[in-house]
1. Looking only at residues that are at pLDDT 90 or above and of a type in the set (D, E, K, R) in segment 51-84, which one is nearest to Ser125 (Cα to Cα)?
2. With His66, His72, His130, His55 as the choices, which residue is of a type outside the set (Gly, Ala, Ser), free of Cβ contacts under 8 Å to residues at least 24 places away in the same chain and touching an Asp or Glu at 6+ places or on another chain (Cβ under 9 Å)?
3. Determine, yes or no, whether Leu104 is at pLDDT 90 or above, over 33 Å from the mean Cα position of the chain (by Cα) and not charged (D, E, K, R).
4. So Gly174 passes all but one of these: (1) without any contact (Cβ under 8 Å) to a residue 24 or more places away in the chain; (2) on the phi < 0 side of the Ramachandran plot. Which condition number does it fail?
5. Of all the residues that make up segment 122-142, how many are open to solvent by less than 20 Å² (accessible area, probe 1.4 Å) and not hydrophobic (A, V, I, L, M, F, W, C)?
6. Which one is most open to solvent (accessible area, probe 1.4 Å), of the residues in segment 90-99 that are touching an Asp or Glu at 6+ places or on another chain (Cβ under 6 Å) and not aliphatic (A, V, I, L, M)?
7. Out of the helices (runs of 4 or more DSSP H) lying entirely within segment 1-89, which hold 1 or more residues that are within 30 Å of Trp249 (Cβ to Cβ) and open to solvent by 20 Å² or more (accessible area, probe 1.4 Å)?
8. Within segment 65-91, how many residues are among the hydrophobic types (A, V, I, L, M, F, W, C) and farther than 18 Å from Val119 by Cβ?
Amino acid sequence: MFKLALRNVFRQKVRTAMTLAAIVFGVVGLVLSGGFVQDVFIQLGEAVIHSQSGHLQLTRSGFFKHGSRAPHEYMIDDVAAVKSSIAALRQVDDVMGRIYFSGLLNNGKTDLSIIGEGVEPDRESRLGTHIVITAGRQLRGDDRQGVMLGEGLARAARLVPGDQVTILLNTADGALNTADFVVVGVFQSYSKEFDARAVRIPLAAAQSLLTTSGVNAIVVSLKQTTDTDAVGARLAQGFDPTIFELLTWQQLNDFYEKTVVLYKRQFGVLQLIVLLMVLLSVANSVNMTVFERVGEFGTMMALGDRPEHVFRLVIVENTIVGLVGGLLGVALGIVLALVISAIGIPMPPPPNANLGYTALIRILPQEIATAFAVGFIATVGASILPARRVIRIPVVDALRQCV
């Protein structure tokens, strides 16, 4: 049966080529579209991780719900011990402390409302690979009175590197405290809204301003983003949930989940259209191939082949075509993905974002398997109905097609 089916596939060169073209086109389309969609999700996640949140953040319980009003009430005091226990995990790349505060920034003419972060400069520079310095430089470990401004804030205050500013905020005791800083850099992060009010100063300077030795959050940077859930579960077991709260980057960036849901629905419609095109193209090609051979199948049945034998022959032939077409489509899709990724696809900034990016076509096993399965199953499934209809044609009527 297999040898006969294989001979028929190669004998019907034009028909086989038409069917293969439909399968390959569909599989390539699914490989490229699926890889592009996954790249959007991956790059979006990496952007928020490496511009703001890190992979994980450990805080006092309730900080993210109520701490914005009184961050001094949610301090982690034994910072060194907590950081060392987290850094002991092999998946962890770095651990750093942050203090969050709000206050006013004075440029000598006016006061602007700000949200601020006290950070460990060298560690934050390694984490913030998706932060773009539009003017000046990053904070360094030896900057005692340096400050970085978000691009929107710098534009509104008309500040450039080298200008002096004053930051005014409330201490933990409720007193007002001020300090003078020199602008060392202007940055763009992933979020336009964040950049419109953000300042970053060294952690030591923030602790001095707030008269505290603690931090609000321990930010964890991992070697691989895929380890986030495993490390999060491990750390959650080591800290009392009544005292500490551990959040992943997905939980810290709820807009990411909403954006992913939105994009999935949009791209899902496009992928459904591609899928329907594959099914219709393959079904049309298989129908043409089968019904052009009615006389051949009638001759087989007239010579003693049972209808079931003809049915199986048609299915086996299309199974071979589906396998070959699926493999060719996957191979061509991978080659095109590599070529397109080498060139890159310039993308505009997503909603509420500052930075555009260069999209790639990700070669992921699940997308490859899905595309191959669709091409193969569509071919075999499309052959069932024509095969059933052919074997129901009376032998006499089928033989007339040979005349």
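The values are calculated or read from the model by the stated rules, or taken from the named source; none is laboratory data. This is a predicted model, so every value here is computed, not measured. Glycine also receives a Cβ, built like all others from the backbone with ideal geometry; neighbour counts cover every protein chain displayed. Just so you know, the surface numbers come from the protein's heavy atoms only, side chains and all, with ligands and any DNA or RNA stripped out. Shrake-Rupley method; radii C 1.70, N 1.55, O 1.52, S 1.80 Å.
1. Residue satisfying both the conditions and the ranking: Lys83.
2. On the way: His72 fails: free of Cβ contacts under 8 Å to residues at least 24 places away in the same chain; His130 fails: free of Cβ contacts under 8 Å to residues at least 24 places away in the same chain; His55 fails: free of Cβ contacts under 8 Å to residues at least 24 places away in the same chain.
The conditions single out His66.
3. Details: at pLDDT 90 or above: yes; over 33 Å from the mean Cα position of the chain (by Cα): yes; not charged (D, E, K, R): yes.
Here the answer is yes, as Leu104 does meet what is asked.
4. With respect to (1) without any contact (Cβ under 8 Å) to a residue 24 or more places away in the chain; (2) on the phi < 0 side of the Ramachandran plot, Gly174 is out only on (2).
5. Of the residues in that region, 2 qualify.
6. So, considering only residues that are touching an Asp or Glu at 6+ places or on another chain (Cβ under 6 Å) and not aliphatic (A, V, I, L, M), the one most open to solvent (accessible area, probe 1.4 Å) is Gln91.
7. Numbers: elements: 2-11, 13-48, 63-66, 79-87.
Per the criteria, 13-48, 63-66, 79-87.
8. As a first pass, look at segment 65-91 and keep what is among the hydrophobic types (A, V, I, L, M, F, W, C): 70, 75-76, 79-82, 86-89.
With farther than 18 Å from Val119 by Cβ added as a condition, the list becomes 70, 81, 88-89.
Total meeting the criteria: 4.
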